[in-house]
Amino acid sequence: KEGASLVDESYKATSSSDGLIKFTCDQCGSSAELTIPALPIAFEDVKPGIWYYDAVEEMAQTGRMIGVSETRFAPQTNLTRGQLATILYRMEGSPEVTGMEHPFTDVAENRFYSDAVTWASEHGIVCGVTETKFLPNVAVTREQMAVLLYRYAEYKGYNMAVEGDLSRFPDGEKTSKYAESAMCWAVNAG
């Protein structure tokens with residue numbers, strides 16, 4: 001219409017969210033829009049075609065994981081206990097932890113994992129290696145990872161029926177007693 005103008009409601013795509021080109025008529029309310037897909041993540045150490053490329057890109061675009069720098073993801077390094085707690089915390093949307101506490105003397109404030117460990121401890125997802133030590137910078141073992149994922153799934157209210165055993169694995173009998181149910185659950189869940 002004559003005298004009408006378009007209101008620009010556009011925003012840019014980022015590596016973690018789609019962008020939008022949208023214009024709306026300020027008189028009649030008609031609009032036109034085009035979604036711009038999120039930008040691919042460009043980690044120099046994660047090349048397209050590598051078996052984990054899509055998983056890294058999804059985790060980075062959703063903000064569950066970020067690189068060790070703007071250009072490096074470090075896919076060959078070990079995952080730490082603090083990093084795993086952070087991933088689970090981000091999967092929950094990084095909830096507020098005000099009023100929550102944890103007993104760990106080795107989890108300092110203002111570290112990337114501080115709020116995550118506080119939240120995960122409060123909800124019974126993480127425990128320390130002792131009553132006061134969490135060891136956030138120590139590599140997480142496969143059985144520790146299974147236990148944390150098991151507790152997180154339990155926290156989410158998933159079916160936690162555990163079936164099967166670990167005898168089909170040559171080292172299945174080496175699983176720590178505390179991790180047996182979680183390892184069976186993880187194997188059964190795929």
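Calculated accessible area for the chain comes out at 64 Å² per residue, all protein chains present (probe 1.4 Å; ligands, DNA, RNA ignored).
GNM remark for the chain: springs join alpha carbons under 10 Å apart, and the peak mean-square fluctuation among GLY19, GLY63, GLY157 falls on GLY157. Annotation note: chymotrypsin sites (Phe, Trp or Tyr not before Pro) in the range 59-136 located in DSSP loop regions with a Cβ neighbour count of at most 16 within 10 Å are PHE112. Gyration tensor analysis over the Cα atoms of the chain returns equivalent ellipsoid semi-axes of 41, 21, 18 Å (largest first, whole Å). From largest to smallest, the equivalent ellipsoid semi-axes obtained for the range 23-122 from the alpha-carbon gyration tensor read 33, 24, 10 Å.
For LYS22, which aspartates and glutamates qualify as cross-link partners when the Cα separation must be under 16 Å and same-chain residues fewer than eight apart are set aside? By straight Cα distance, LYS22 reaches ASP8, GLU9, GLU33.
Relative contact order, whole percent, for the chain stands at 13, derived from Cα pairs under 8 Å and 6 or more residues apart. For the set LYS47, LYS22, solvent exposure ranked by accessible area (probe 1.4 Å, protein chains only) runs largest to smallest as LYS47, LYS22.
Kindly point out which whole DSSP H helices in the chain project their C-alpha atoms 18 angstrom or further along the helix axis while averaging a Kyte-Doolittle hydropathy of -1.0 or above. Before the final figure, lay out each step's value.
Values: long enough: 142-155 (20 Å, -0.44).
Going by DSSP H runs, the hits are 142-155.
Restricting the range 15-114 to GluC sites (Glu not before Pro) that sit in a DSSP loop and have at most 14 other Cβ atoms within 10 Å of their own Cβ leaves GLU44, GLU70, GLU96, GLU101, GLU109. How many angstrom separate the Cα center of the range 11-80 from the Cα center of the range 96-156? Distance between centres, Cα-based: 28 Å. Name the residue from ALA60, LEU20, ILE36 whose Cα lies farthest towards the positive end of the charge dipole of the range 7-128, charges +1 on Cβ of Lys and Arg and -1 on Cβ of Asp and Glu. Result: ALA60, furthest along the dipole toward the positive end. When the chain is modelled as a GNM with alpha-carbon springs shorter than 10 Å, which of ALA116, ALA55, ALA139 fluctuates the most? Maximum among the listed residues: ALA55.
Taking the Cα centre of the range 50-190 as origin and assigning +1 to Lys and Arg Cβ atoms and -1 to Asp and Glu Cβ atoms, the resulting dipole is close to 240 debye.
Which values of log₁₀ I(q)/I(0), to two decimal places, follow from the Debye formula for the range 109-190 at q = 0.15 Å⁻¹ with a uniform point scatterer at every Cα? Log-scaled intensity ratios, in q order: -0.60. Taking Cβ atoms as reference points and 15 Å as the exclusive limit, the residues near HIS123 contribute a net charge of -3, counting Lys and Arg as +1 and Asp and Glu as -1. Dividing the summed -39500 (n - 2.57) terms of all DSSP H runs of n ≥ 4 by the residue count of the chain sets its mean residue ellipticity at 222 nm at -8500 deg cm²/dmol. Separation of the alpha carbons by more than 29 angstrom is noted, of LYS12/LYS156; LYS156/LYS177; LYS47/LYS177; LYS47/LYS174; LYS133/LYS177, for LYS12/LYS156; LYS47/LYS177; LYS47/LYS174.
Each listed q (0.21, 0.29 Å⁻¹) maps to a log10 I(q)/I(0) for the range 97-148, found by the Debye formula over equal Cα scatterers with no solvent: -0.74, -1.34.
For the range 31-74, calculate the relative contact order in percent as a whole number, restricting contacts to Cα pairs under 8 Å that are 6 or more residues apart.
Details: 33 pairs, mean separation 18.6, N = 44.
Value for the range 31-74: 42 percent.
The values are calculated or read from the model by the stated rules, or taken from the named source; none is laboratory data. Computed from a predicted structure; not experimentally measured. Heads up, the Cβs are rebuilt from the backbone with ideal geometry, glycines too, and the neighbour counts pull from every protein chain shown. Note: areas computed on protein heavy atoms with side chains; ligands, DNA, RNA excluded. Shrake-Rupley method; radii C 1.70, N 1.55, O 1.52, S 1.80 Å.
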